[in-house]
Amino acid sequence: MIASGSICKAQLPVSHTVEALPDDQFVVEIGGKEYHAINGDKVIALAKMKEDLATAQKINTELSSQIKEALLERDLAKAQLALVQQKADSFESDFKRARDDAARNFSLFQSERELRVESQAFIPHGNVKGFWGKVLTALDSGPSQAAFKLVIPTATFLRAYTAKCSP
């Protein structure tokens, strides 16, 4: 009896209903303050929405980290592309410079060749008589110069090669 007769502050009576809202919700006044009262179905729906919110926030943080990683990978790929382009530009400029050098060197070679041909007209080739004169004339001819430039180095190579390969 004592328990049923005592009233605690948590059991204050509802003064009155201020407003009835849709879906069995009410605005009530207790102890001079207004509160929103909802039914059990709405409590369950709100709890589910709260769980969905927590899941969505977790997914959102994971997606944010994935986006940051993807942006970093993109920036890295752009930096690598810039380096590759820089190397390609360097190779292209080196190639152009080498091509220009080759053209210039070929032109120099042609000029030198023409000068050699022209200068041979100024080298005196006297009429030499006797045995040594004929030897010198033979050595000055084209075939003998080819022999010195081709046959002698080839023979020397073959002699050295066969000397190394024989037991």
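Since every read-out is calculated from the coordinates, none of them should be taken as a lab result. Treat the numbers as computed from the prediction; the structure is a model and nothing was measured. Here the Cβ is made from the backbone with ideal geometry for all residues, glycine too, and neighbour counts use every protein chain on show.
Residues that are surrounded by fewer than 10 Cβ atoms within 10 Å (Cβ to Cβ) and assigned to a helix (DSSP H, G or I) do occur in segment 122-141. Of the residues screened, residue 111 is one that is small (Gly, Ala, Ser), under 30 Å from residue 141 (Cβ atoms) and assigned to a helix (DSSP H, G or I).
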